[in-house]
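Notes to accompany the following structure.
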Amino acid sequence: MTVAYDVVIVGGGAAGSIAACVLAEAGKKVLLIERGKLRNYENSGHRDHLRNHRLQEYGFNTGPEIDGNPRVFIDADGHRHIVKPYQGNYNANAAGMGGGTLVYGGLAWRFHPDDFRMETIYGRPAGSSLTDWPFGYEELARWYDMAEHEIGVSGDGVGDRNAGKRLRDYPMPPVAENRTTERLRAGASGLGFTTFTPPLLINSVPRAGRSACIRCGSCVGFPCPSDGKNGTQNTVLPRALATGNCIVMTETVVDKVATDINGIVVGVDIIQREEDGSVRLERILAKVVVMSAGAIETARLLLLSKTRREPNGLGNNNDMVGRNLQGHYYPTVFGLFEEEVQDSLGPGVTIATTDFNHGNDGVIGGAMLADDFVLLPIILWKSGLPDDLPRYGLTAKHFMRDNFRRIAQIKGPVHEIPDADCRVSLDELCLDKYGRPVARLSGTTHFETVRTANHLLEKADQWMRASGAVRTWGKQQVQRLSAGQHQAGTCRMGDDPAISVTDSWGKVWGHDNLFICDASLHPTNGGYNPVLTIMAMAFRNTTHIAELV
């Protein structure tokens with residue numbers, strides 16, 4: 001068989017579509033394989049408030065398919081549960097071209113310079129696998145800049161006094177404020193917190209032939225009606241296709257990474273379903289394979305791809321693939337005000353502080369804190385009501401009717417402390433619709449993560465009360481498995497093959513032509529939304545790959 005492509009990329013999300021663009025524009029022949037559909041606002045299926053990627057229990061407006069795609073979740077007591085994609089412990093990423101960037105809110109944070117050297121600053125807590133990144137902020141600075149300008153970010157580049165050095169400001173001004181902003185700014189000022197408008201991958205002005213944000217009431221979890229939300233599906237993917245060097249296969253499942261008799265990577269095997277319902281495998285040959293399927297599915301595919309040389313999966317002779325699974329705890333405080341503070345105009349995130357990302361007494365790391373995206377009534381009903389309020393009857397209905405527009409929230413993604421026992425493995429007893437072992441998720445976060453999360457919960461509550469809230473509420477954090485839409489860490493990069501899966505470029509140890517390009521690589525996941533870091537890493541690493549092919 002002849003080699004059909006220079007590079008095959010598995011997964012068309014935040015990193016995969018950037019990889020396709022960089023490589024195709026470098027003249028490489030690229031195949032981009034995505035298990036989901038190519039969607040936009042018009043063909044995204046359900047656009048009601050019940051079915052979206054922020055509220056999954058009623059179904060999705062993207063994917064994955066609910067039937068035939070279970071996972072196994074092991075709870076803190078060791079009990080085994082088979083879960084479907086709409087259940088919380090599944091930890092589903094959006095499946096579709098653009099991945100989560102089709103439906104995300106688009107918070108576009110650079111990691112704090114200290115996020116790259118957590119072990120150096122804090123040491124390694126007992127029972128943790130906390131480590132430094134193999135490089136620092138300075139290595140990523142120009143790639144952050146590229147991501148901000150190539151994809152499109154609005155924001156205030158000089159507002160964050162705790163950020164790393166920048167080459168230039170964002171390409172667009174910040175998004176508009178809302179009724180909550182002024183109150184939270186006054187509260188923060190009274191406490192001595194510094195605040196600014198957070199960066200968003202959203203057009204605050206028309207850009208690149210697409211409209212600006214129209215401030216609809218349902219931003220995060222939904223495709224954008226004005227196409228003003230900047231995902232990879234509407235920015236870099238069209239550029240990749242325009243070269244004529246990139247072919248896209250959607251609704252296509254990769255069975256495993258293909259290898260020859262010597263265990264050398266030669267491409268991928270894809271699953272094709274025939275008209276009679278039968279399934280056959282087709283092998284696609286390529287010089288290089290880039291895995292970009294998300295931290296859970298990338299790890300699963302490596303574990304499924306066994307050879308005589310690597311009987312436990314590619315890159316897994318040291319039992320590192322799948323370990324150090326991370327996500328983000330999100331301590332959240334809701335505040336009830338005497339007057340209306342919500343106008344339901346999006347996108348909703350208008351004010352943030354990074355004063356608590358580091359330098360917190362008695363805890364490790366920290367988080368940025370911000371108001372949240374415009375709140376749908378069903379989201380408040382499902383996840384934001386006070387614990388002492390009934391979830392049914394007139395009391396609950398009157399609370400929603402009288403108070404929905406009087407409620408604000410503050411939240412932030414905590415920099416988690418990784419644990420090697422929090423992991424993705426294969427469950428041989430539970431198979432997907434193609435007869436393959438599914439991902440099994442087990443373990444919990446480190447107790448230091450819980451300590452940090454509750455510290456941030458107190459800071460958010462302090463801020464909300466100082467802003468004039470007459471009542472506040474939030475949930476104390478406990479140890480649990482954390483992954484979700486910010487899943488990371490399962491194929492961490494490093495300098496030592498004994499404790500990492502790849503080198504600093506994402507090249508899997510022991511393989512010259514197998515790369516990983518998603519948040520699986522992150523040794524730690526920062527105290528911010530990670531998507532801009534995923535994008536910056538994709539620009540950096542695939543520029544390097546293009547020089548090798």
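Taken together, the values in this text are just the output of simple stated rules run on the coordinates, not laboratory data. Since we're looking at a predicted model, the values are computed, not measured. Positions of Cβ are backbone-derived with ideal geometry, glycine not excepted, and every protein chain shown enters the neighbour counts.
Taking the Cα centre of each part, how many Å lie between the range 30-77 and the range 307-367? Distance between centres, Cα-based: 20 Å.
Rounded to the nearest 500, the 222 nm mean residue ellipticity of the chain from helices alone is -6000 deg cm²/dmol, with -39,500 (n - 2.57) taken per DSSP H run of at least 4 residues.
When N counts the residues of the range 3-115, how does its alpha-carbon radius of gyration compare numerically with 2.2 N^0.38 Å, as a ratio?
For the range 3-115, the normalised Cα radius of gyration is 1.28.
When both bridge partners sit in the range 5-548, DSSP labels roughly 70% of those beta bridges antiparallel.
Helix 531-548 and the longest principal axis of the Cα set of the chain meet at an angle near 20°.
Kirkwood hydrodynamic radius computed over the chain comes to 23.5 Å, based on all pairs of distinct alpha carbons. Look at where the Cα atoms of the range 378-393 and of the range 491-508 average out, and the two centres are 44 Å apart.
In this structure, the amide hydrogen of G231, modeled 1.01 Å from its nitrogen in the peptide plane, lies closer than 5 angstrom to no residue at least 5 positions away or on a different chain. Using only Cα atoms, tell me the angle between helix 393-403 and the longest principal axis of the chain; keep it within 0 to 90° and round to the nearest 10. For helix 393-403, the angle is close to 80 degrees. Once C-alpha pairs closer than 8 Å and six or more residues apart are averaged by separation and normalised to the residue number of the chain, the relative contact order reads 23 percent.
Across all Cα pairs in the range 23-69, the calculated P(r) in 5 Å bins from zero up to the longest distance comes to 4, 18, 20, 18, 12, 9, 9, 7, 2 percent per bin. Helix 179-191 versus the longest principal axis of the chain: what is the Cα-based angle in degrees, 0 to 90, to the nearest 10? Approximately 80 degrees, to the nearest ten. Pairs of Cα atoms nearer than 8 Å and 6+ residues apart set the relative contact order; for the range 287-370 it is 15 percent. For the range 56-66, the Karplus equation 6.51 cos²θ - 1.76 cosθ + 1.60, evaluated at θ = phi - 60°, returns couplings of 9, 5, 9, x, 10, 10, 10, x, x, 4, 6 Hz by residue, with Gly and Pro reported as x.
Note on the range 215-274: along the principal axes its Cα atoms extend 56, 26, 25 Å, ordered by decreasing extent. Exposed loop sites are taken as chymotrypsin sites (Phe, Trp or Tyr not before Pro) in a DSSP loop (any state but H, G, I, E or B) with at most 16 other beta carbon atoms within 10 Å; the longest stretch of the chain without one runs 136-391.
What percent does the relative contact order of the range 1-146 come to when contacts are Cα pairs within less than 8 Å and at least six residues apart? Numbers along the way, then the final one.
On the way: 190 pairs, mean separation 26.2, N = 146.
Normalised by residue count, the contact order of the range 1-146 is 18 percent.
Annotation: extensible slack from E119 through D388 equals 92.8 nm (criterion: 0.36 nm per residue apart, minus Cα-Cα distance).
Roughly how many whole Å is it from the C-alpha centroid of the range 118-167 to that of the range 264-293? So the separation of the two Cα centres works out to 36 Å.
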